[in-house]
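A short write-up of the structure that comes next.
Read-outs: derived from the displayed coordinates by stated rules, not from any lab. It should be emphasised that the depicted structure is a prediction, and the values quoted were computed from it without experimental measurement. As a convention, Cβ positions derive from the backbone with ideal geometry for all residues, glycine included, and neighbour counts pool all protein chains shown.
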Amino acid sequence: MSTQETKPIRTDEIRRMLKKKRAKMKRLLSHCVHCSLCAESCFLYMAHDKDPQYMPSYKVLQSLGKLYRKRGKVDRPFLEHIKGIVWRNCVLCRRCYCPIGIDIPSMITFARTICRSQGVYPRVDESVSESWL
Amino acid sequence: MIVGERKPLEEIKEMLKDYKKVLNVGCGGCTSICLSGGQREVMLLNDDLQNAFQGNPVSIQFDGFTIERQCNADFFSELDEMVKNYDAVLSMACGAGVQFVAERYPDRPVFPALNTIFVGADRDVGWYEENCRTCGDCILGETAGICPVTRCAKSLFNGPCGGTSKDGKCEVSKETPCAWYEIYDRLKKQGRLSNIMKVRPAREWHNQTRRVLIHEAYKQRYAK
């Protein structure tokens, strides 16, 4: 285990990052009308028998949405859980289509940036059960 | 996947010796997966550079930041704000990423930390093999999925040459299988040996100029 993996989560840094983009991200999050059109454009959703956890809107709400709801007060297991959503369940191909114009990939990217800031990101040498690369 | 490997530390050191604040930018794409330019490699290189410059008359500050992809402008917003605070940028992306970063920040010197080696596949974790030279005119359908451009030492289109040993090895190295020997074997197994009798004309090596590809559906959008 690297030293970074044992370091405490700097919630103040997460809060600062969330605050910086709060206006834009909140607007994007609140504009989702759950029409599920983004799902049809996600190849991972289609390839996994339309499993709802691969819906782009679900991925955003369960990652960045929760980070905002918790106001950044999260721990490492929570970020590890988010890591699975924003890396394993999304390859950032940027093909998700939103009729309202919500920039879903930018939100996933932001969630990844927050995870990275705390040293949470996928490792190729993770144990097989954890690895998704 | 594009595969790269870190340049020798001395070479990187030489490029950066005249700067005081350097931002080392990792790439979350291919070079991250091939363990040469991701977030962890950024940290390791920065540690190596700090040590290498220890005792330098002027201290150099190395910071790191990783973006999801250095070959797509949509992922640069965070970096845009950071770069202005640094004298130079070190990129741990492939050659495409380095050029994309250099184009975006023309007033900052941008240096490559990696050598881009090839387009290849993962044989196993940490084991990569070249499979494609991106020649732009794929003939894998005729050669049983074995690329003679990449895997024949002479990139022969109508092989094999006279240097193939009896056990199917290349004259360049006894460790290297002859691509055309393998093509013959596989075509034979598939009952498509007649493919090998086709004489292919000399290639137009049009990759001497920069290639641009615009998807059919987007041609109208980008029409000049």
Translational diffusion coefficient of the protein assembly as shown at 37 °C, 0.692 mPa s, Stokes-Einstein with Kirkwood Rh over Cα pairs, in µm²/s as a whole number. 140
I'm a student and want to see the number: the projected area of the Cα convex hull of chain B, averaged over all directions, in nm². 16.8
Theoretical ellipticity at 222 nm over chain A - DSSP helices of four or more residues, -39500 (n - 2.57) apiece, nearest 500: -12000 deg cm²/dmol
Of B:C71, B:C94, B:C138, the most mobile residue in a GNM of chain B (C-alpha springs, cutoff 10 Å) is B:C138
What nm value, rounded to one decimal, do you get for the distance between B:A153 and B:R133 when each label is placed 7 Å out toward the C-beta? 1.4
Could you list which residues have their amide H under 5 Å from that of B:G4, counting only those 5 or more apart in sequence or on another chain, with H placed in the peptide plane? B:I117
Strictly over 28 Å apart at the Cα level, which of B:K154/B:K188; A:K20/B:K17; A:K21/B:K17; A:K24/A:K83 would you flag in this model? A:K20/B:K17; A:K21/B:K17
Going residue by residue through region B:85-102, the Karplus relation 6.51 cos²θ - 1.76 cosθ + 1.60 with θ = phi - 60° gives ³J(HN,Hα) values, rounded to whole Hz and with x marking Gly or Pro, of 8, 10, 7, 8, 10, 10, 9, 9, 9, 6, x, 5, x, 4, 5, 5, 5, 5
By how many nm would the segment from B:K224 to B:D18 grow when fully extended, if each residue of separation counts as 0.36 nm and the alpha-carbon distance is taken off? 70.0 nm
Förster-model FRET efficiency, 35 Å R0, B:D167 and B:V125, C-beta, rounded to 0.05: 0.70
So how long is each side of region B:136-208 along the principal axes, counting just the alpha-carbon atoms, biggest first, in Å? 34, 30, 17
Relative to the longest principal axis of chain B, what angle (0 to 90°, nearest 10) does the C-alpha long axis of helix B:179-189 take? 50
In nm, to one decimal, how far is the modelled label at B:E204 from the one at B:N51, with both set 7 Å along Cα→Cβ? 5.3
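Could you work out [θ]222 nm for chain B from helices alone, using -39500 (n - 2.57) per DSSP H run of at least four and dividing by all its residues? Round to the nearest 500 deg cm²/dmol. Before the final figure, lay out each step's value.
On the way: 7 runs with 58 residues, N = 224.
Dividing the helical sum by the residues of chain B leaves -7000 deg cm²/dmol.
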In order over region A:85-101: 3J(HN,Hα) from phi, Karplus 6.51/-1.76/1.60, θ = phi - 60°, whole Hz, x for each Gly or Pro, gives 6, 8, 10, 6, 8, 9, 9, 6, 6, 6, 9, 5, 10, 10, x, 7, x
GNM, chain B, Cα, under 10 Å: largest mean-square fluctuation among B:Q190, B:Q50, B:Q99? B:Q190
Which one, B:L45, B:L213, B:L187, has the greatest fluctuation when you compute a Gaussian network model over chain B with C-alpha springs under 10 angstrom? B:L213
Calculate the spin-label point distance for B:H215 paired with B:R104, positioning each point 7 Å from the Cα along the beta-carbon direction, and give it in nanometres. 2.0
Taking 8 Å as the Cα distance limit and 6 or more residues as the minimum spacing, I'd like the relative contact order of chain A as a percentage. 29
Mind listing the long-range amide H neighbours of B:L114? Cut-off is under 5 Å, sequence gap 5 or more, other chains count too, H placed in the peptide plane at 1.01 Å from N. B:K7
Could you give each residue of region A:30-42 its phi-based ³J(HN,Hα) in whole Hz, using Karplus coefficients 6.51, -1.76, 1.60 with θ = phi - 60°, and x for Gly or Pro? 7, 7, 5, 9, 6, 7, 6, 5, 4, 4, 5, 8, 9
If you rank B:M197, A:M46, B:M15 by fewest surrounding Cβ atoms within 10 Å, what's the result? B:M197, A:M46, B:M15
Are there trypsin sites (Lys or Arg not before Pro) in region B:1-99 that DSSP marks as loop and that have at most 12 other Cβ atoms within 10 Å, and which are they? B:K17, B:K20, B:K84
